[in-house]
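The values are calculated or read from the model by the stated rules, or taken from the named source; none is laboratory data. It should be emphasised that the depicted structure is a prediction, and the values quoted were computed from it without experimental measurement. With ideal geometry, Cβ positions are generated from the backbone for all residues, glycine too; neighbour counts draw on all protein chains shown.
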Amino acid sequence: MDVRQLQLLRELGERGSLSAVAEAAHVSPSAVSQQLKVLQRGAAVPLTERRGRRLVLTPAGRALAAAAVDIAEALARAEHAVADHLADAAAPVRVCAFHSAGLAFFGPLLQWSGQPGHPPVHCRDEDTAQDAFPALVADHDLVLAHRLRHGPRWPTGPGLVVTRLLTEPMDIAMAHGHPLAGRAQVTPADVARHRWLAVHEGYPLTGVLGAVGAAAGRPLDVVHRVNDFGLASAVVATGDVLALVPRHLAQQDLHPGVVTRPLHGLTVTRDVDVLARPDHLARSGVRAVLDRLREAGAALVAGPAVS
């Protein structure tokens with residue numbers, strides 16, 4: 001049964017005529033009559049009857065109209081509960097992020113959330129392949145995810161909202177004493193002559209080294225695979241290999257013995273996005289956390305870029 005039709009039946013019992021119901025509902029009497037006919041089709045007994053020129057409720061109709069009152073009350077309670085939930089500043093906001101984003105954002109976000117009037121934040125890290133990020137919105141309110149600018153896009157549809165947090169170039173990390181460290185920038189041909197550290201296969205940055213090798217005309221020699229930028233920079237600091245690192249989010253991870261140089265002749269950038277379900281974004285606390293993340297992302301981009 002349709003709630004709106006039940007409401008019209010209730011109104012007929014209380015107001016006494018189709019015209020009065022139509023006036024209250026701001027529709028025509030024929031529209032009210034049509035909705036009541038649809039409701040009648042789903043009932044095993046007559047709900048209304050004619051008494052002269054008036055349409056009135058039968059005993060079954062009055063019983064159903066009384067039930068409609070209970071239904072309306074339950075719906076009102078549900079709506080109030082939802083409204084209270086959406087406006088509840090004390091409800092925790094669940095934030096998930098890949099490692100370097102978590103390192104950059106979790107600390108400032110938790111400091112902010114600890115202030116009066118701000119929602120509590122529950123953090124979780126997830127190091128996953130790109131195509132697995134969208135599924136994380138089922139268990140988290142906000143998911144910080146990353147993708148190469150020219151790589152596969154996030155799936156489109158009404159169940160996923162994508163908010164751009166920042167876009168950052170990818171730089172080449174090398175030890176201070178590396179032969180390329182004295183240059184202001186390096187080319188694909190320069191870096192293709194050296195050994196490399198890369199992320200694991202299937203992760204968002206995997207395809208970048210293929211593009212670098214293609215631009216250089218030779219495949220890169222990948223000898224190590226490490227996903228964590230802090231660990232990767234420690235390996236790079238030994239002088240053994242080069243690595244590709246994001247310009248903004250990797251800075252706090254870099255070993256003191258590592259410098260970064262921009263890659264000239266090949267544009268390689270990644271987008272850091274926040275993925276969320278639209279119903280999660282309806283909560284005021286979730287929107288407040290998203291706004292704080294956007295502010296923090298803008299501050300990172302405005303800060304020092306290359307060591």
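Observations, loosely collected:
- Selection count where residues are touching a Gly at 6+ places or on another chain (Cβ under 7 Å) and among the hydrophobic types (A, V, I, L, M, F, W, C), scope segment 168-203: 2
- Checked against (1) under 22 Å from ALA129 (Cα atoms); (2) without any contact (Cβ under 8 Å) to a residue 40 or more places away in the chain; (3) not β-branched (Val, Ile, Thr), ARG218 passes all but condition (1).
- Odd one out for SER233 among (1) touching a residue at least 60 places away in the same chain (Cβ under 8 Å); (2) exposed (fewer than 14 other Cβ atoms within 10 Å of the Cβ): (2)
- Number of the condition not met by ALA66 [criteria: (1) in the same structural domain as LEU8 (by TED's automatic domain parsing); (2) surrounded by 14 or more Cβ atoms within 10 Å (Cβ to Cβ); (3) in contact with a Gly (Cβ under 9 Å, 6 or more places away or on another chain)]: (2)
- Each residue in segment 236-267 was checked for being among the polar types (S, T, N, Q), assigned to a loop (DSSP other than H, G, I, E, B) and farther than 17 Å from THR187 by Cβ, and 1 of them qualify.
- Screening ALA189 with (1) touching a residue at least 24 places away in the same chain (Cβ under 8 Å); (2) farther than 21 Å from ARG218 by Cβ; (3) not in a strand (DSSP E or B) gives one miss only, at (2).
- Looking across segment 39-56 at every residue that is surrounded by 14 or more Cβ atoms within 10 Å (Cβ to Cβ) and more than 21 Å from ALA74 (Cβ to Cβ), the one that is nearest to the chain's Cα centre (by Cα) is identified as GLN40.
- Any hit, segment 242-260, residues being in the same structural domain as PRO134 (by TED's automatic domain parsing), under 23 Å from GLY182 (Cβ atoms), among the hydroxyl-bearing types (Ser, Thr, Tyr) and out of contact with any Asp or Glu (no Cβ under 9 Å at 6 or more places or on another chain): no
- Between ALA97, ALA145, ALA129, ALA101, the distinction of being farther than 16 Å from ALA296 by Cα and aliphatic (A, V, I, L, M) belongs to ALA129 only.
- Some residue of segment 69-77 being free of Cβ contacts under 8 Å to residues at least 60 places away in the same chain, within 27 Å of ASP141 (Cβ to Cβ) and of a type in the set (Lys, Arg): yes
- Subset of segment 268-303 (residues that are part of a loop (DSSP other than H, G, I, E, B) and out of contact with any helix residue (DSSP H, G or I) (no Cβ under 7 Å at 6 or more places or on another chain)): GLY303
- Residue in segment 148-163 that is farther than 22 Å from GLY265 by Cα, at pLDDT below 90 and among the β-branched types (Val, Ile, Thr) present: yes
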